[in-house]
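A short worksheet on the structure shown next.
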Amino acid sequence: MMRVPQTTFSASCKDTDSLVIKFSKLISPNSIIYLNGDVGTGKTYLAKKLAEQFGICDLSSSSYERISIHKEQINFIHCDLYRDENSNMLLCELDYHLIEPWILVIEWPKQYLPIQNCEQFLVNISVLKKNKRSIIIEHLTNSEITI
């Protein structure tokens, strides 16, 4: 099965916000979103704006916490694995927090998680120019998305 990624270009926070609103409508409960990109590309910004779509307004970088849990209308779990070398431990730690309905956002993923019966998205963010980003969203569990 061929996976067709969706590419969007963002020249501002407003462009990214608009993309996140559209993307959030595709995310069903019990989904994983993997965020890839270099330092400073906007992974945490995208995660924060995504969290806002699900009623969480206090998400910040969890680089030092590794895992942050936000319980509102959905159990929103944000992981920043920048400093993490042992992703096998992560799965053990996460199992306790995956209380339905949940959305798991992972920055700096080292691997895809073998969690059954969940949607998985890969978001790759690249800086093209000072304020221009390329954001590629791939639905890993289905063949095509349209944003």
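The values are calculated or read from the model by the stated rules, or taken from the named source; none is laboratory data. Everything quoted here is computed from the prediction, not taken from an experiment. Neighbour counts run over all protein chains shown; Cβ positions are idealised from the backbone, glycine included. What goes into the accessible areas is simple: the full protein's heavy atoms, side chains included, and nothing from ligands, DNA or RNA. Shrake-Rupley method; radii C 1.70, N 1.55, O 1.52, S 1.80 Å.
Of the residues making up segment 25-57, not one is in a helix (DSSP H, G or I), hydroxyl-bearing (Ser, Thr, Tyr) and closer than 14 Å to Ile74 by Cβ. The residues of segment 37-71 that are within 18 Å of Lys132 (Cβ to Cβ) and either hydrophobic (A, V, I, L, M, F, W, C) or touching a Leu at 6+ places or on another chain (Cβ under 7 Å) (or both), listed by number, are Val39, Lys43, Leu46. Answer with yes or no whether Gln111 is polar (S, T, N, Q), under 17 Å from Leu140 (Cβ atoms) and loosely packed, with under 13 Cβ neighbours inside 10 Å. Considered against the rule, which asks whether it is polar (S, T, N, Q), under 17 Å from Leu140 (Cβ atoms) and loosely packed, with under 13 Cβ neighbours inside 10 Å, Gln111 comes out as yes. Right, Thr16: farther than 21 Å from Tyr112 by Cα, open to solvent by less than 50 Å² (accessible area, probe 1.4 Å), in a helix (DSSP H, G or I) and not aromatic (Phe, Trp, Tyr) or not? Yes; evaluated as a whole, the condition is true for this residue.
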